[in-house]
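Read through the structure below, which is laid out as structure tokens, and then see the notes.
The values are calculated or read from the model by the stated rules, or taken from the named source; none is laboratory data. Treat the numbers as computed from the prediction; the structure is a model and nothing was measured. Heads up, the Cβs are rebuilt from the backbone with ideal geometry, glycines too, and the neighbour counts pull from every protein chain shown. Surface accessibility is based on the protein's heavy atoms, side chains included, excluding ligands, DNA and RNA. Shrake-Rupley method; radii C 1.70, N 1.55, O 1.52, S 1.80 Å.
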Amino acid sequence: MIRMNRRTLIMSSVAMTAALAAPRIMRASSPEFSFKFANIMPVDHPLNTRMTEASDKISQQTDGRVSIQVFPASQLGTDADMLSQLRSGGLDLLAQTGLIAATLVPPAAITGVGFAYPDYAHVWKSVDGELGRSIRTAFETVNLIAFEKMWDNGFRQTTSIGKPIKSPEDLKGFKIRVPPAPLWTSLFKSLGAAPTSIPWGETYSALQTHVADGLENPLAGIYFAKMYEVQKYLSRTNHMWDGFWILANRDNFEMLPEDLRDIVVTEINRSAIVQRADVEKLNSELQAELTSKGLEFIDIDVSKFRATLQASSFYSDWKGRFGEEAWALLESTSGKLI
């Protein structure tokens with residue numbers, strides 16, 4: 001007869017529990033599906049911190065079968081480089097603004113029309129609604145999948161070094177860095193500025209060397225990229241809202257079994273909602289931090305800038321490019337722009 005004391009019973013129970021659990025937590029030594037996700041934002045931007053969290057959750061929920069490796073800060077090239085890699089299948093997932101993705105899918109730029117959205121409530125109603133749905137459908141024509149929920153980059157502001165921008169007159173001939181996308185160039189030309197297209201990874205040095213004297217970007221982008229080191233003033237123009245589509249190469253993504261695809265889609269869309277809150281909160285809190293870094297904030301009358309834009313052909317030109325149907329979807333949430 002074998003006698004078992006309390007310690008023996010506990011140890012036996014622990015061993016049995018471990019044995020039963022082991023098959024459920026065992027994972028392959030390497031993932032069955034490895035995806036690369038890339039973007040231009042700094043490693044500590046909410047886009048990358050939340051996508052890293054989503055990647056961890058996806059790995060856990062798929063028992064290690066799916067791995068998503070995050071490549072931030074233009075590690076895999078410029079916007080144009082990465083978009084080309086995505087189309088060829090060399091890159092699996094990419095966070096890309098609609099304005100730059102518009103080189104492939106022109107309707108994607110419409111969410112960046114100047115002064116279209118007064119606040120976040122209007123933004124999310126638009127991109128989560130019919131307008132967003134129509135843009136996602138357009139991505140399908142170039143063999144890309146756009147995830148349902150856009151990620152936030154924020155409302156964009158204008159910075160300068162030589163003088164503060166207080167009115168549209170201050171933009172006359174002003175050399176401002178803009179991303180390489182026609183809508184940005186058109187917007188600032190219509191406001192009287194002299195926009196120059198520079199990839200984000202080259203912007204800091206361009207401001208240092210006065211290739212450009214200012215830039216436009218959300219507060220989070222200015223903060224994480226340390227643009228306050230090469231700029232003096234920030235004018236709250238709120239001239240454009242900017243967000244990221246999470247895009248997937250269709251052929252690569254559909255190699256995943258449907259149950260694994262569902263997990264990836266669910267977690268990335270869920271993280272988008274959290275990231276939106278992160279960026280909105282961050283942009284509302286960053287003024288004090290940026291002020292402490294030496295950036296001077298300028299409050300302006302935004303209506304003067306919008307009136308200058310309306311007096312130009314900007315809205316009518318872009319309505320013609322996007323078409324009546326897409327423009328009507330935009331104005332259903334933005335209100336009349338022309």
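Mind checking which residues of the stretch 262-287 are under 22 Å from residue 300 (Cα atoms) and either open to solvent by less than 50 Å² (accessible area, probe 1.4 Å) or under 13 Å from the mean Cα position of the chain (by Cα) (or both)?
Within the stretch 262-287, the subset under 22 Å from residue 300 (Cα atoms) is 280-287.
Passing the criteria: 280, 282, 283, 286.
For the stretch 190-228, give me the residue count where each residue is touching a helix residue (DSSP H, G or I) at 6+ places or on another chain (Cβ under 8 Å), in a helix (DSSP H, G or I) and open to solvent by 10 Å² or more (accessible area, probe 1.4 Å).
Count: 5.
Out of the stretch 288-311, which residues are in contact with a helix residue (DSSP H, G or I) (Cβ under 7 Å, 6 or more places away or on another chain) and either open to solvent by less than 40 Å² (accessible area, probe 1.4 Å) or part of a helix (DSSP H, G or I) (or both)? Walk me through it before giving the result.
Quick first cut of the stretch 288-311, residues in contact with a helix residue (DSSP H, G or I) (Cβ under 7 Å, 6 or more places away or on another chain) only: 289-290, 293-295, 297, 304-305, 308-309.
Across the stretch 288-311, the qualifying residues are 289, 290, 295, 297, 304, 305, 308, 309.
Select from the stretch 268-299 the residues that are out of contact with any Phe, Trp or Tyr (no Cβ under 7 Å at 6 or more places or on another chain) and of a type in the set (A, V, I, L, M) and list them in ascending order.
Those that are out of contact with any Phe, Trp or Tyr (no Cβ under 7 Å at 6 or more places or on another chain) and of a type in the set (A, V, I, L, M): 273, 274, 277, 279, 282, 288.
Filter the stretch 47-84 for residues that are of a type in the set (Asp, Glu) and part of a helix (DSSP H, G or I) and give the result. Give the derivation first.
Of the stretch 47-84, the ones of a type in the set (Asp, Glu) are 53, 56, 63, 79, 81.
Answer for the stretch 47-84, where residues must be of a type in the set (Asp, Glu) and part of a helix (DSSP H, G or I): 53, 56, 79, 81.
Residue 31 passes all but one of (1) at pLDDT below 95; (2) open to solvent by less than 70 Å² (accessible area, probe 1.4 Å); which number fails?
(1)
Let me confirm something: among 259, 242, which residue is open to solvent by 70 Å² or more (accessible area, probe 1.4 Å) and either not aliphatic (A, V, I, L, M) or not in a loop (DSSP other than H, G, I, E, B) (or both)? Working first, answer last.
On the way: 242 fails: open to solvent by 70 Å² or more (accessible area, probe 1.4 Å).
The match here is 259.
Can you name every residue in the stretch 57-73 that is touching a strand residue (DSSP E or B) at 6+ places or on another chain (Cβ under 9 Å) and of a type in the set (D, E, K, R)? Steps first, answer last, please.
Filtering the stretch 57-73 for residues touching a strand residue (DSSP E or B) at 6+ places or on another chain (Cβ under 9 Å) gives 58-59, 62, 65-72.
Passing the criteria: only 65.
Identify all residues within the stretch 85-143 that are of a type in the set (D, E, K, R) and either out of contact with any helix residue (DSSP H, G or I) (no Cβ under 8 Å at 6 or more places or on another chain) or assigned to a helix (DSSP H, G or I) (or both); write none if there are none.
Just the residues of the stretch 85-143 that are of a type in the set (D, E, K, R), to begin with: 87, 92, 119, 125, 128, 130, 133, 136, 140.
Listed by number, the residues that qualify are 87, 119, 125, 128, 130, 133, 136, 140.
Does residue 43 qualify as being open to solvent by 70 Å² or more (accessible area, probe 1.4 Å) and within 16 Å of the chain's Cα centre (by Cα)? Even if it seems obvious, please write down each step before you answer.
Working: open to solvent by 70 Å² or more (accessible area, probe 1.4 Å): yes; within 16 Å of the chain's Cα centre (by Cα): yes.
Yes; evaluated as a whole, the condition is true for this residue.
Considering only residues that are open to solvent by 40 Å² or more (accessible area, probe 1.4 Å) and touching a residue at least 12 places away in the same chain (Cβ under 8 Å), look in the stretch 245-256 and name the one that is nearest to residue 294 (Cα to Cα). Break it down into steps so the answer makes sense when it comes.
If we filter the stretch 245-256 for residues that are open to solvent by 40 Å² or more (accessible area, probe 1.4 Å), which is where we start, we get 250-251, 254-255.
Within this subset, residues satisfying the condition of being touching a residue at least 12 places away in the same chain (Cβ under 8 Å) are 250-251, 255.
On the way: 250: 45, 251: 48, 255: 50 Å.
Among them, the one singled out is 250.
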